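Structure first, commentary second.
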Amino acid sequence: MKLDQLRAFIAVVETGSFRSAADAIHKTQPGISAAVKALEEQFGFLLFDRNSYRPTLTPEGHAFFLQSQKLMSQALQLENLGNDLAQGTEAPLQLCLSQMALDDNCMSRIKAFQRQHADIALDITTDHLYGVQEKLAKNQCEIAIGPRYGLDDRHAFIELNKITMIAVISPELLATLNTSDTKIKQQSLYAIPQILVNDTTANASENGHRYVLPTGKRWYVNDFQAKKTLLVHGLGWARMPKHCIQTELNNGQLVPIEVENFTSQNQLPIFMIRLRHQTQSSQANVFWEMMKSFSNSTQNEL
């Protein structure tokens, strides 16, 4: 299998015909046909159903096309990286930040790093729970910042700071519970959705969440902004990073609650994380040392 063959195959799918594919990638139509035929012969199945007016993907061809797109995208990224390195341009430092770690402490550190090292480009993505460490495992980032979910001997990590997690609800929704107890009984919340942020990792029990009532409704959203919006409108209750909802707590749109036999509030350590066996770029080492110097924690590197 060659990249030129995949490029020809993808062009046929995207343009709708062998002739259009030839024009699009500046090849002859017989060359396009030969490339597709070679792929079919190598793997022993048809990529296209040629009985229709235009080539139509077979089920096998459709699955092959999806993976071909991913591979070609990666090949293009590698080609661009090679060109940049040949010109003396270093690749961006890839960071993955936990959504819950995006407080003023974290942002001020990254901003200070950018000011001091303006020559180092940053490529920042965000994720949640175990998804942050999964980015490291898949070499999709060099350094991650997030809670201690999924960390083991493969990881080196330093505590940067702590955030406060707090259970909250809208006052209007709280009033419907008709409770005067200091702590809300879990049963009182079973009919109200507990709102959780999705974890992108596969096969994680309860999507990686540790603080979930054993019974009751659960709604899953993609980020904390969506979670906050649902909370403010009285559509559920949840644990939230306090820094994300400080304004809503101050103006009374959300109020803290204590749930019986449940961790309603706690301090969650946030770590800077990397893989021990992974070769670090010079940019990653500079970032690691500067973030480490900012830390007020007395914890040593593990």
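Results, tabulated for the structure shown:
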quantity: Residue in region 210-242 that is nearest to Lys185 (Cα to Cα), counting only those that are open to solvent by less than 70 Å² (accessible area, probe 1.4 Å) and assigned to a helix (DSSP H, G or I); calculated: Leu231
quantity: Condition check for Asn261: at pLDDT below 95, of a type in the set (S, T, N, Q), open to solvent by 60 Å² or more (accessible area, probe 1.4 Å) and within 20 Å of Phe157 (Cα to Cα); calculated: no
quantity: Tally, over region 258-280, of residues that are farther than 28 Å from Thr182 by Cβ, touching a Ser or Thr at 6+ places or on another chain (Cβ under 9 Å) and assigned to a loop (DSSP other than H, G, I, E, B); calculated: 0
quantity: Failed condition for Thr179, given (1) over 15 Å from Ile257 (Cβ atoms); (2) modelled with pLDDT under 85; (3) open to solvent by 30 Å² or more (accessible area, probe 1.4 Å); (4) touching a helix residue (DSSP H, G or I) at 6+ places or on another chain (Cβ under 9 Å); calculated: (1)
quantity: Close pairs (6 angstrom Cβ cut-off, 6 or more residues apart or separate chains): in a loop (DSSP other than H, G, I, E, B) in region 112-141, surrounded by 13 or more Cβ atoms within 10 Å (Cβ to Cβ) and among the basic types (Lys, Arg) anywhere; calculated: Cys141/Lys135
quantity: Enumeration of residues in region 105-140 that are touching a strand residue (DSSP E or B) at 6+ places or on another chain (Cβ under 7 Å) and surrounded by 15 or more Cβ atoms within 10 Å (Cβ to Cβ); calculated: Asn105, Cys106, Ile120, Thr126, Asp127, His128, Val132, Gln133, Lys135, Leu136
quantity: Neighbours by Cβ (under 8 Å, 6+ apart or cross-chain): first from region 14-25, farther than 13 Å from Val36 by Cβ; second among the hydroxyl-bearing types (Ser, Thr, Tyr); calculated: Asp23/Thr15; Ala24/Thr15
quantity: Single unsatisfied condition, Gln280 versus (1) at pLDDT below 95; (2) loosely packed, with under 14 Cβ neighbours inside 10 Å; calculated: (2)
quantity: Residues satisfying the stated conditions in region 188-204, i.e. in a loop (DSSP other than H, G, I, E, B) and at pLDDT 90 or above; calculated: Tyr190, Ala191, Ile192, Pro193
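The values are calculated or read from the model by the stated rules, or taken from the named source; none is laboratory data. Since the model is a prediction, treat every value here as computed from it, not as a measurement. Don't worry about glycine lacking a Cβ; one is built from the backbone with ideal geometry, like all the others, and counts go over all protein chains shown. Heads up: the accessible areas ignore ligands, DNA and RNA and are worked out on the full protein's heavy atoms, side chains in. Shrake-Rupley method; radii C 1.70, N 1.55, O 1.52, S 1.80 Å.
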